[in-house]
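Down below is the structure, laid out as C-alpha cells.
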Amino acid sequence: LNWELISGPQGMELNSNGTLKWLGDSLDYHSYEIQLSDEIDSVRWSGSIYVNAIPSIISKPNTIITADSLYKYEIEVIDENKFNSQNSNINNQINYELLEGPLKMSIENNILSWQTESNNAGEHDISIKASDGMDEAEQQFTILVNSIPVIISLDSISVMIGDTLNLNLKANDL
C-alpha cells in the first residue's frame, strides 16, 4: 500500500505506514486529504482536524456582600477559538454552569446572580464552570454575606446635671 498526503496544513506529514503527524499549533479547523493506492486502484480520503484552546475564566468575583442585597457577577472568559468544535459553520460559544452554590443562586448566560436574605449571613462556597464543548474551566470562591450590625442598647437615656454618663453600648453582628 502506498500512502500519499495530497493536501493539508503546513508541516503535516504522512509516512509510508499511514501515520499522519502534525503539530496542532494553529487554532480551529484544518482540512487534509490523503490518497491510498495498491498500485491497481486508489482511493482519496478527506478529513479535518480541530485544534482547541482551553477556555480560561479571567474575571475575579466580589466575595463580600451585605445581607438583603442582590449579588451579581459577570463572568469573563477567554477562548481563542473562532469556531464551534462540533460545527465549523457556527461561531464558538461558551456555556456556563453553576456547580455549587446556595439555594436561589442562578447563572444565566455569563451572569451569576443571587438575591441574599438576612438569614444568608455567613460564608457560602461557589463553584462555576465555563465550557466550549470540548474543554472547560472552573472557578471556586467563597462569598461572605455580612449582616448589618444592630445596636441593641437603649437610644434614650437621662442623667442628672453634673453626673457622669458611663454607658456600655451593646450590639449584635452575625
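The values are calculated or read from the model by the stated rules, or taken from the named source; none is laboratory data. Please read all numbers here as calculations on a predicted model, not as lab measurements. Positions of Cβ are backbone-derived with ideal geometry, glycine not excepted, and every protein chain shown enters the neighbour counts. Ligands, DNA and RNA are excluded from the accessible area calculation, which covers all protein heavy atoms including side chains. Shrake-Rupley method; radii C 1.70, N 1.55, O 1.52, S 1.80 Å.
Checked against the criterion of being touching a Pro at 6+ places or on another chain (Cβ under 9 Å), β-branched (Val, Ile, Thr) and touching a residue at least 24 places away in the same chain (Cβ under 8 Å), region 99-121 contains one or more residues that satisfy it. Conditions first: (1) more than 14 Å from residue 69 (Cβ to Cβ); (2) open to solvent by 40 Å² or more (accessible area, probe 1.4 Å); (3) assigned to a strand (DSSP E or B). Residue 144 passes all but one, so which condition is the exception? The single condition residue 144 does not satisfy is (1).
For region 12-41, how many residues meet the condition of being loosely packed, with under 13 Cβ neighbours inside 10 Å, modelled with pLDDT of 95 or more and closer than 23 Å to residue 86 by Cβ? The total comes to 1.
Yes/no per residue for (1) modelled with pLDDT of 95 or more; (2) polar (S, T, N, Q):
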| site | (1), (2) |
| --- | --- |
| 91 | no, yes |
| 95 | yes, yes |
| 105 | yes, no |
| 112 | yes, no |
| 115 | yes, yes |
| 121 | no, no |
| 131 | yes, yes |
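Select from region 103-118 the residues that are touching a strand residue (DSSP E or B) at 6+ places or on another chain (Cβ under 7 Å) and surrounded by fewer than 16 Cβ atoms within 10 Å (Cβ to Cβ) and list them in ascending order.
The initial filter retains those residues of region 103-118 that are touching a strand residue (DSSP E or B) at 6+ places or on another chain (Cβ under 7 Å), namely 104-107, 109-116.
Listed by number, the residues that qualify are 104, 106, 109, 111, 113, 115.
Looking at region 151-174, can you tell me whether even one residue there is open to solvent by less than 70 Å² (accessible area, probe 1.4 Å), in a strand (DSSP E or B) and either acidic (Asp, Glu) or touching a Gly at 6+ places or on another chain (Cβ under 7 Å) (or both)? Within region 151-174, not a single residue is open to solvent by less than 70 Å² (accessible area, probe 1.4 Å), in a strand (DSSP E or B) and either acidic (Asp, Glu) or touching a Gly at 6+ places or on another chain (Cβ under 7 Å) (or both). So which residues in region 81-92 are loosely packed, with under 13 Cβ neighbours inside 10 Å and in a loop (DSSP other than H, G, I, E, B), if there are any at all? Within region 81-92, 82, 86, 87, 89, 90 qualify.
If the condition is being charged (D, E, K, R) and assigned to a strand (DSSP E or B), then region 30-54 contributes 33, 44. None of 112, 103, 99 is assigned to a loop (DSSP other than H, G, I, E, B) and aliphatic (A, V, I, L, M) except 103.
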